[in-house]
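Take a look at the structure set out below.
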Amino acid sequence: MSAASVCMSHSPLLEHVEPPADVRAAVDAAFARARAFVREFDPTLIVIFAPDHYNGFFYDLMPPFCVGYEAYAVGDYGSSQGWLDVPSELAADLAQHVLDCDIDMAISRRMEIDHGAVQPLDILFGDIAAKPTIPIFVNSVAKPFVTMRRVRLMAEAVGKYLQKLDERVLVVGSGGLSHDPPVPQWSTATEEQRRLLLDGRHPTAAARAARQQRVIDAARSFAAGQSDMLDLNPEWDERFMDLCATGRLEDTDAWTPDSMAAAAGNSAHEVRTWLAAHSALRAATNTPTMDAPAVHYRFYRAIPEFIAGFGVMVCH
Ligand SMILES: O=C(O)/C=C/c1cccc(O)c1O
Ligand SMILES: [Fe+2]
């Protein structure tokens, strides 16, 4: 087995709100560096830790983690729509291994996924079915949250499983760093928003378009400095990336959901996917605690047009 990781922020605004040309060029160059690495590494299996934004997982049944045995991309914000190529038996074996490690893992025989899982696959491979891919949902938007420690332990169990395989495994973590986009919170949601959060599967095209337009408009106001959305927090982001880069993953064990949200926004919980990817990579490669595989490439920009502290990190 050999293993590598790519963690990257995603943003549904990538193709909808244009940042300054130099920022766009820097992001495109970062994607090109990640793509070049992945082409060279030539993975035979992808394991992607990804959040969902009330497209596949809702409050009628919200697990902290879920392995998809099959996965269908809903195609929100113009991301690819259709089936992933999930190796179902391997996914089931992985889920059993994690359960055997005393970690409660949900499974889905038809997981619906959104831009949170799809965007990195689109960017890295240009085709969501290009490679056998096991998606692992990590709840990053819907309170209550498990501890960061629990995320790390779940992912270490995943990494130990991957270690046994005769595969070149690319572990992907997908999620923004600091950001607080207008994804409704149950406690402050209107009745209409609560219907979406509870079981808003398969919206009409008009409802999806209206939801997306609200976020696009919010991004434009945020970029123009005319929004009361929480600011991006580049210092917090760089500190978190430092912890990933140096393998000090245990330093996040004590982080509380409220303190993370206060410092970096409600959607900063998506860093759980980065923590998962780095924990899985560390375990898969037998790298000691407080140490880390090498950082091949690192990029960061705070990009209000994307409502994202936008990072890319490639490790092997
Ligand atoms: O799902 C949505 O409607 C918006 C999600 C979003 C917005 C901005 C940045 C992100 O990383 C998102 O996932
Ligand atoms: Fe997101």
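The values are calculated or read from the model by the stated rules, or taken from the named source; none is laboratory data. Keep in mind that this is a model prediction, so the values were computed, not measured. Using ideal geometry, Cβ is built from the backbone for each residue, glycine included, and neighbour counts are taken over all protein chains shown. Accessible surface areas use protein heavy atoms only, side chains included; no ligands, DNA or RNA. Shrake-Rupley method; radii C 1.70, N 1.55, O 1.52, S 1.80 Å.
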_Please go through (1) under 23 Å from residue 265 (Cβ atoms); (2) not in a helix (DSSP H, G or I) for residue 169 and return the number of the only condition it doesn't satisfy._
(1)
_Of residues in segment 110-132 being in a loop (DSSP other than H, G, I, E, B) and hydrophobic (A, V, I, L, M, F, W, C), the one nearest to ligand 1 (Cβ to nearest atom)_ = 128
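Rundown of residues vs (1) in contact with a Pro (Cβ under 7 Å, 6 or more places away or on another chain); (2) under 30 Å from residue 189 (Cβ atoms); (3) free of Cβ contacts under 8 Å to residues at least 40 places away in the same chain; (4) more than 16 Å from ligand 2 (Cβ to nearest atom), yes/no style:
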residue: 55; (1), (2), (3), (4): no, yes, no, no
residue: 61; (1), (2), (3), (4): no, yes, yes, yes
residue: 76; (1), (2), (3), (4): yes, yes, no, no
residue: 89; (1), (2), (3), (4): no, no, yes, yes
residue: 102; (1), (2), (3), (4): no, no, yes, yes
residue: 110; (1), (2), (3), (4): no, yes, no, yes
*Going by the structure shown, is residue 261 closer than 23 Å to residue 155 by Cβ and within 16 Å of ligand 2 (Cβ to nearest atom)?*
yes
*asked:* Given the condition away from ligand 1 (no atom under 13 Å from the Cβ) and among the β-branched types (Val, Ile, Thr), answer yes or no: does some residue in segment 47-58 qualify?
replied: yes
*Are any of the residues in segment 7-17 of a type in the set (Gly, Ala, Ser), within 25 Å of residue 217 (Cβ to Cβ) and either more than 16 Å from ligand 1 (Cβ to nearest atom) or out of contact with any strand residue (DSSP E or B) (no Cβ under 6 Å at 6 or more places or on another chain) (or both)?*
no
*In the set 146, 172, which member is within 16 Å of ligand 2 (Cβ to nearest atom), on the phi < 0 side of the Ramachandran plot, modelled with pLDDT of 95 or more and of a type in the set (Val, Ile, Thr)?*
172
_Given (1) more than 16 Å from ligand 1 (Cβ to nearest atom); (2) under 15 Å from the mean Cα position of the chain (by Cα), identify the lone condition not met by residue 140._
(1)
*Which members of segment 176-208 meet the condition of being open to solvent by less than 30 Å² (accessible area, probe 1.4 Å) and either part of a helix (DSSP H, G or I) or farther than 15 Å from residue 54 by Cβ (or both)?*
176, 177, 178, 179, 197
_Looking only at segment 182-207, how many residues end up being of a type in the set (Ser, Thr, Tyr) and touching a Phe, Trp or Tyr at 6+ places or on another chain (Cβ under 8 Å)?_
0
*asked:* Pairs needed: first member in segment 251-262, closer than 26 Å to residue 291 by Cα; second member anywhere, open to solvent by 70 Å² or more (accessible area, probe 1.4 Å) and in a helix (DSSP H, G or I); C-beta distance under 7 Å; at least 6 residues apart or different chains.
replied: 253/149
*Test result for residue 170, open to solvent by 10 Å² or more (accessible area, probe 1.4 Å), over 22 Å from residue 233 (Cβ atoms) and either touching a residue at least 40 places away in the same chain (Cβ under 8 Å) or of a type in the set (Ser, Thr, Tyr) (or both)*: no
*In this structure, is residue 98 within 16 Å of ligand 1 (Cβ to nearest atom), of a type outside the set (Gly, Ala, Ser) and in contact (Cβ under 8 Å) with a residue 40 or more places away in the chain?*
no
_Single unsatisfied condition, residue 84 versus (1) buried (at least 23 other Cβ atoms within 10 Å of the Cβ); (2) within 16 Å of ligand 2 (Cβ to nearest atom)_ = (2)
_Any hit, segment 134-152, residues being free of Cβ contacts under 8 Å to residues at least 40 places away in the same chain, in a loop (DSSP other than H, G, I, E, B) and surrounded by fewer than 16 Cβ atoms within 10 Å (Cβ to Cβ)_ = no
